[in-house]
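Right, one structure below, let's go through it.
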Amino acid sequence: MSSGLRELIKQERNLRITVNSVRQFISSESDNAELISVRLELLENAYKQFKIVRTEIELKTDHLSSTSDDLNDMTLDQTREDENIEILVQFEDDYCELKSKLLHLLSAVRRSIDENSAPSTSAVSDSSATLARVKLPEIKLPSFSGNSKEWITFRDSFKSLIHSSNLLSDTDMFCYLRSAVSGEALQSIASVDVTAANYEFAWSTLEKRYENRKLLVKSYLESLFSIEWVQNESYEALNKLLSEFERNLQMLQKVGENPDQWSTLLVHMVCSRLDQSTPPSIPNAPQF
C-alpha cells in the first residue's frame, strides 16, 4: 500500500470519528444553541471532506490495479467499486440522519429560548424565568418504505411539516427526506447527491413513482375487499370493522373517487362481514 493511500485511509477514519462524536453529542440532548450550530457545521464539513477523500481512495486503488488485464483482477475491481458505492451511501445516510436530528434539537432549543424570553405575567422572578428551560417534545417525522397505501398519508404529512416550510433550506429538506424514507423508496433516490439543487428532483422522483392514481385506487380497493370478517360479537371487533372501512373510503376520496355512490354495495359488504349473532341493522353506523 502506498504512503499516499495509507494517509487517505487515516483521514477517512478521522472523519468517521468526527461523525461518531456528533452522534454522541446528540445523545447528550444539549440545550446550548451555539454548540448545536457548531456541531452542524462540523458535520457539514466532515461530509464534504469525506466525499473528496473517498474519491481519492478510489482513484488510487484503481491506479494500483490498472496494469493488469487478469479476469480475477477485473472482478476484484468491480467488487471494490460496489464496496465504494456502499460506503458512500452509508456515510450519506448517517449524515442525513444526524443532521435532521441536530436541526430538530436546534429548533426545539430556540423555541424554548423564545418562550422563556417572552414577557411573563406570573409572579415568578426574572432570574427564575431566565434559568427555566422547557424541553419541548420532538416532532416525529412521517416515514415511508415504498408501500403505495402509505404514500398519500406520507406525502401530505411531509409536505405540511417539511416541504412547505419557509424556515428550511432545500439541503435541509433533502436531509429530512432521506431520513424519512426507507426500503424501496430510499433506493429510488439513494444515488442522488444531497444538495440543494437535487432536492426538487428527488421529491419529484418519488411523486412520479408513487403518485399513480390507478395503482392507488387498486390498492385501497383491495384493502377494502380484504377486511377480515367479525368472528365474535364485540364492540372492539365491530369498531375495527367500521374503522377500516371508513379509512379506506377516505383514502379513495383523496385520490378522486366518489364512494358516496357505492352505498348499496358498501352496506352489503359491511353486513356480510358481521358474525351471525350481530343483527344486520347497526345502530349509529356511518352512512356510506
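The values are calculated or read from the model by the stated rules, or taken from the named source; none is laboratory data. Quantities reported herein were computed from a predicted structural model and do not represent experimental measurements. Note that each Cβ is placed from the backbone with ideal geometry, even for glycine, and that neighbours are counted across all protein chains shown. Side chains are part of the model used for accessible areas, which takes the heavy atoms of the whole protein and leaves out ligands, DNA and RNA. Shrake-Rupley method; radii C 1.70, N 1.55, O 1.52, S 1.80 Å.
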Single condition ARG155 does not satisfy, out of (1) modelled with pLDDT of 85 or more; (2) basic (Lys, Arg); (3) open to solvent by 70 Å² or more (accessible area, probe 1.4 Å): (3)
Residue list for the range 43-81, filter: at pLDDT 65 or above and among the hydrophobic types (A, V, I, L, M, F, W, C): LEU43, ALA46, PHE50, ILE52, VAL53, ILE57, LEU59
Selection from the range 187-209 of residues that are at pLDDT 90 or above and open to solvent by less than 20 Å² (accessible area, probe 1.4 Å): ILE189, TYR199, ALA202, TRP203, LEU206
Residues of the range 22-31 that turn out to be surrounded by 11 or more Cβ atoms within 10 Å (Cβ to Cβ) and either over 15 Å from CYS96 (Cα atoms) or touching a strand residue (DSSP E or B) at 6+ places or on another chain (Cβ under 9 Å) (or both), as a count: 4
SER100 being open to solvent by less than 40 Å² (accessible area, probe 1.4 Å), polar (S, T, N, Q) and modelled with pLDDT of 80 or more: yes
Among (1) open to solvent by 80 Å² or more (accessible area, probe 1.4 Å); (2) farther than 21 Å from LEU186 by Cβ; (3) at pLDDT 85 or above - the single one LEU40 does not satisfy: (1)
Subset of the range 176-208 (residues that are assigned to a loop (DSSP other than H, G, I, E, B) and within 16 Å of LYS149 (Cα to Cα)): SER182
